[in-house]
Each structure stands twice: as C-alpha cells, then as structure tokens.
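All remarks here apply to the structure that follows.
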Amino acid sequence: MKAEAINPTEVKVKKAKKISALSIMMREIVKDKLALFSLILLAVILIIVYGAALLLDQDKIVTVDLLSIYSPPSAEHLLGTDYGGRDILGQLIIGAKNSFTIGLCITLLTGIIGLCVGLCAGYFGGKVDNIIMRIIDFIIILPTLMLIIVFVTIAPKYNVYTFVLIMSAFYWTGKARLIRSKTLAERELDYVQASKTLGTPNWKIIFREVLPNLSSIIIVNLTLNLAGNIGIESGLTYLGFGLPESTPSLGTLVSYASNPDVLQNKWWIWLPASILILVMMLCINFIGQALKRAADARQRLG
Amino acid sequence: MIPQLFILSILIFALAKAMPGDALTGQLASNPKMDAQTLHELKDKLGLLDPPYVQYGRWIKGLLHGDLGMSVMHQVPVTELIAGRIWNTILLSAAILILSYLIAIPLGIVGGRWTDSWADKAIVGYNYLTYATPLFIFGLLVLFVFGFVLGWFPTSGSVDIRVENGTFAYWMSKLNHIILPAFSGAIISTGVTIQYLRNEIIDTKIKDFVKTARAKGVNESKVYSRHILRNSLLPIAAFLGYEITGLIGGSVFLESIYGYPGIGQLFIASISQRDFSVVTALVMISGLATLIGTLLSDIILSAVDPRIRID
C-alpha cells in the first residue's frame, strides 16, 4: 500500500514541474462533475446576486407597503411580500449579497490572522510557540457561540464591521493551529536549513519559501471555512444577533419563520432564503472537497 | 484546567461589568424617584463601589457557594431559574448524543468495511450533505415538514401541560416533544463521527495484526467486530468530550427553533431582556461544561492510548 502510494506521487511531482498549482486545482474540479457543476452554479448565483444588487433600488425594497402585506407570490412580487409588504425577492438578493460578502470578509480576516500567527508559532517555535499555543488552547475551550452573542449585545456602536471583528476574534484559532503544525513540519526540511545557512532573513524564508508550500492547504481550508462562516453568520442573524437591521442577510428572512404562522402558512418568506443558504454552502463545500483532493496528490482523480 | 477556569472567570466577570445594568437596575425601575444620595448609599451597601478585585473576589465566593445572584426580570435566584431548565437541556443533549452514535456507528462501519461500494458512496454523499447543512436550517425544515405539514409531532414546548407529572403519560409526552429536536440535532452531528470511524477502519484493516487474525482463521465478521472495531472506536470515544462543546452551541439553536424550555432558550430570552445576571451565569456554566468536556476527552484519550499518557 505504502509503495503504491509513493510511486504515483513521485511521477506526479516530476510532471507537475511546469504545471502550476492553480491548473492542478482546475483540472481536479473539471474531473469531478459534481464540483464542476457546483462551481458553475455558484458562479451563476453570485453573478445574478451581485448584478441584480447593482440594479436594485434598496430604498424601494425596504419601503413598507401596507396594501400588500403577506401577499403570496404573484407577477408583481415574484416571491411575495413580508409583514411590511416588502418584496421578498429583492430582500433575498440583497441578503445573499450581504451574507456572502460578510462570510468572505470573515474568512479573509481569520485567514490573515491565522496565517501570521501560525507561521510565526511554527517557524520560530520555543517560547513564542508556547505562548501562542496557550492562548489558542484557551480560546478553543470557550463557549464560542454564547460569547459572540454576548459581545454582539454589549458592543457599543454596533455595526457590520464590529460583527466581522467579533466573529474573527473567535474563529482564527483553528486556522492558526493547522498552519502551525504544517509550518513545524516544513521548518525541518532541508531547503529551509539551506536557506538559513545562506543567510536569508527569517521573514523572507517564511513568506517567500515556506508560505508557497502551504498555499494549497490554506486555499482548501479557506474554501471550507467560507461555507461554515456563511452558515454561522446567517444562523446568528436568524437568532437576532448577527448583522444589524440596516444590513439584511439571508438569516433575516429565515428568522421570520420563528413566527409559527409564517413557518406554517407563508413558505415564500423563509423557504427560498433557507434553500439559497443550503445551495451556496453545498456548492462551496463540494468545490472545497475537490480542492482538498487536488492538494493531496494521492487522492487526485486525474 | 484550573488556570483556564480562572482566566475564564476573569473574562466573564469583565464582560459582566461591561454589560449595561447592575443589581440595582431592577430596583431602580420599580422606584424611579430614588435620589442620587440614596442611590449612592445603596450602591455602597451592595458593594458596587468597591475596587474591581474586591468585587471579583466576592463574585467568585458566591459562585463557589452556588449563589449566582438574582434575576432582574424574574425576581428569583438565578440558580433556581437555571435548575428548572437545565435538566431539559441535559435530556435533549443526551438524546442527541445517543441517537447520533446509533446512526453514525453502523454507517461508519459499513462505509469502512465495504469501501467504494454503492453503500459507501451513499454514506459519503450523506456525509457531505449533513456536514454542509447548517443546524438551524435543517431544524426549521424538519419542524416544517414533520411538525406542521404532516402534523406528527408537537411543534413547541418540552411536555404537554395537561398531563400529570411523574405518570407514564408524562414521560411519553416528554419523549414525543424531544424526538424532533433530538433527531435534527443528531443527524447534523453524525458527519464527524462517520468520517472518523470510516477512515479509522480503512486505516486499521490493512494493519499486520488484522492479517494475523485472518491467518489464524478468524472469520471475517469476527475480524471486524472484535479486532478492527475495538481499535477504531477509540478515537470516537475520545471525541465524546469535544461533542459537549457542539451540543451547547446546538442547544441554543435547537431550543429556540423548537420552543424547547432549556438553558439555550433561557440564554436567548435573558439576553433579549437584558437580564445579565442570568446571562453571566449561563456563560460560566457553559464554559465549565466545555472545559469538563475537553478534560474528559483528554482522560479518555490517555486511558485508551498508552502512548500519550502522562505519568
């Protein structure tokens, strides 16, 4: 089993010299029909959402229209209206745009923090590593969801930026841990030692030499985290502790379902948003799984 | 564990201080004409003017004696409020854990034993789906389909109020109310267990001791049930403690979707009503539960794996 596993890898490495990591990832996605379908579907959803959000007049959507409260889907309102007579389709588009953007922001911010902390802890080791790992161990055992809700409630001048910061403050630890362990292994390899002997400064070794070798793992982790973050954000908004009211998210639409009457009789309000969250998360996850296989030569399909 | 608990308590105390309102806010509301002088005296009497470390010491002392303060909203001791609900949450969490293992372990074994069969592919697909689905959406859909459209199960509460406490009907009603939330929580949390178990079995079944067992003539089903499964279940057992963290987060969602009166719902209600003494107590209890869970995992892990034992 072991011998089998090593041989194809070596062949791949020789071949892969001229092939960039990006094209390996693309090839893996194309080979995996489900991932390819997910990628296309996600791209279509995002183009529609971001395109339509540009054309839509947000003021018109949030204006209360008392004449058409809870009207079911019709030609005028394709997905009906909510308790304030506001168009659901418009809210869905703006919500999807906000949810995705916020999810992306949190992912990037946690990525940057996790990357810097993880690389430093793994590369330097010793005391730095010890202190950082103590902090991470402490944050990991916290009841995260409850603390985020508490922070959201007591934060002064609460807005979208505060929300992103609060979320990022709790969710960078997993990434930092992963990157640290990979850096720790990378540090022992000969090329790092050789570079050190040549007198390359540490920051250059970290960012120019170690980082590119970790890039595929980081991309996979970020992709899978993006799906998770969209889920957590809409979940918190569903509970009423996510995005502020001025920035509706998909969770806002789902939260109308906490009214049993809406849940039971007015499916057009909450069901489309739920399905959209589900579809986006599934698509991102399928793409992430394909990228995961691409990052590990032994699991590749082609 | 002790230093972590200590830092956690400081963090929560600092948060409690940052929360608007203190023990006096409730009294102030009932007596708005209180003048500044009386207010100052009352604050002094309650020790709210002492330096923070003195207040912290007093808070910890109360905590250790089981005194978590008064709920401003309900005007009852926080301990009483929590004690009335914590059993519901423990019951729900236990039901989720048991159901989740009942579903995950057979699926993991099938997936690991017959790798790449159609059953395995179906299990992997199921795994992707449950892994990607957020709990609150799944919970809502399950509630909508089984609670409202089909009407098979009650849609809120933890027990029918018409039945008498302690009777058979009471427990049946409790069971009937717990099925939907437990089922949705369990389905979503199976993913990790299945994946671990499946990978573990795939790794174990090519090891030498399994070959030896086969060479000795042990039949195939016994090789799996006795030799492989025993070794593969160890990491799952060790994961048990970490599951507690997930259950606490999950209870907040599940209880507010299903209107189930546990501590998750109490937490959301209290924070919406700005009843911060309850909030502080609940965060502290959840922190403690998470810590105990982590500790439990470490203990199980070192018990089953001699290599990481600390002597």
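The values are calculated or read from the model by the stated rules, or taken from the named source; none is laboratory data. Being a predicted model, the structure only gives us computed values, none of them experimental. Glycine gets a Cβ as well: all are built from the backbone with ideal geometry, and neighbour counts include every protein chain shown.
Just so you know, in segment A:256-269 the residues that are crowded, with 19+ Cβ neighbours inside 10 Å and within 7 Å of another protein chain (Cβ to nearest Cβ) include one that is farthest from A:THR223 (Cα to Cα), and it is A:LEU263.
When the test is whether a residue is modelled with pLDDT of 50 or more and either in a helix (DSSP H, G or I) or of a type in the set (A, V, I, L, M) (or both), A:ILE29 passes it. Summed over segment A:228-255, residues that are within 11 Å of another protein chain (Cβ to nearest Cβ) and farther than 25 Å from B:LEU129 by Cβ total 2.
Taking (1) more than 11 Å from chain A (Cβ to nearest Cβ); (2) free of Cβ contacts under 8 Å to residues at least 12 places away in the same chain; (3) assigned to a loop (DSSP other than H, G, I, E, B) in turn, B:PRO154 satisfies each apart from (2). The number of residues in segment B:106-131 that are hydroxyl-bearing (Ser, Thr, Tyr) and either within 17 Å of B:ILE228 (Cβ to Cβ) or outside any helix (DSSP H, G or I) (or both) comes to 2. B:ASN176 - would you say it is within 14 Å of chain A (Cβ to nearest Cβ) and either in contact (Cβ under 8 Å) with a residue 40 or more places away in the chain or within 28 Å of B:LEU240 (Cα to Cα) (or both)? No: the conditions fail for B:ASN176. Taking B:PHE209, is it of a type in the set (Phe, Trp, Tyr) and closer than 30 Å to B:TYR258 by Cβ? The answer is no for B:PHE209.
Just so you know, in segment A:279-292 the residues that are in contact with a helix residue (DSSP H, G or I) (Cβ under 6 Å, 6 or more places away or on another chain) and either surrounded by fewer than 21 Cβ atoms within 10 Å (Cβ to Cβ) or among the aromatic types (Phe, Trp, Tyr) (or both) include one that is farthest from the other protein chains (Cβ to nearest Cβ), and it is A:LYS292.
Mind checking whether some residue in segment B:265-288 is more than 10 Å from every other protein chain (Cβ to nearest Cβ), farther than 16 Å from B:SER71 by Cβ, touching a helix residue (DSSP H, G or I) at 6+ places or on another chain (Cβ under 6 Å) and not in a loop (DSSP other than H, G, I, E, B)? Scanning segment B:265-288 turns up no residue that is more than 10 Å from every other protein chain (Cβ to nearest Cβ), farther than 16 Å from B:SER71 by Cβ, touching a helix residue (DSSP H, G or I) at 6+ places or on another chain (Cβ under 6 Å) and not in a loop (DSSP other than H, G, I, E, B). For B:ILE201, the conditions (1) in contact with a Lys or Arg (Cβ under 8 Å, 6 or more places away or on another chain); (2) farther than 24 Å from B:GLY246 by Cβ all hold with the exception of (2).
Across segment B:207-246, the number of residues qualifying as closer than 21 Å to B:ILE105 by Cβ, within 14 Å of chain A (Cβ to nearest Cβ) and surrounded by fewer than 15 Cβ atoms within 10 Å (Cβ to Cβ) comes to 1.
Might you check whether a residue that is of a type in the set (A, V, I, L, M, F, W, C), modelled with pLDDT of 70 or more, under 24 Å from A:ASN285 (Cα atoms) and crowded, with 16+ Cβ neighbours inside 10 Å occurs anywhere in segment A:44-64? Let's see the steps before the verdict.
Step one: list which residues in segment A:44-64 are of a type in the set (A, V, I, L, M, F, W, C), which gives A:44-49, A:52-56, A:61-62, A:64.
Now restrict to residues that are modelled with pLDDT of 70 or more: A:44-49, A:52-56.
Cutting the leftovers down to under 24 Å from A:ASN285 (Cα atoms) gives us A:44-49.
Still in the list and also crowded, with 16+ Cβ neighbours inside 10 Å: A:45, A:49.
Yes, segment A:44-64 contains at least one residue that is of a type in the set (A, V, I, L, M, F, W, C), modelled with pLDDT of 70 or more, under 24 Å from A:ASN285 (Cα atoms) and crowded, with 16+ Cβ neighbours inside 10 Å.
When you look at B:VAL279, is it under 21 Å from A:LEU239 (Cβ atoms), surrounded by 24 or more Cβ atoms within 10 Å (Cβ to Cβ), aliphatic (A, V, I, L, M) and without any contact (Cβ under 8 Å) to a residue 60 or more places away in the chain, yes or no? So B:VAL279 fails the test.
If you go through segment A:117-167 and keep only what is touching a residue at least 40 places away in the same chain (Cβ under 8 Å) and hydroxyl-bearing (Ser, Thr, Tyr), you end up with A:TYR123, A:THR153, A:TYR158.
Of the residues in segment B:247-262, how many are facing another protein chain (nearest Cβ under 10 Å), buried (at least 23 other Cβ atoms within 10 Å of the Cβ) and at pLDDT 85 or above? Please lay out each step first, then the result.
Residues of segment B:247-262 facing another protein chain (nearest Cβ under 10 Å): B:248-253, B:256-257, B:259.
Next, from what is left, pick out any that are buried (at least 23 other Cβ atoms within 10 Å of the Cβ): B:248, B:250-253, B:257.
With the extra rule that they be at pLDDT 85 or above, the set shrinks to B:250-253, B:257.
Of the residues in that region, 5 qualify.
Under the condition of being among the hydroxyl-bearing types (Ser, Thr, Tyr) and closer than 30 Å to B:LYS205 by Cα, which residue from segment B:81-133 is nearest to the chain's Cα centre (by Cα)?
B:SER100
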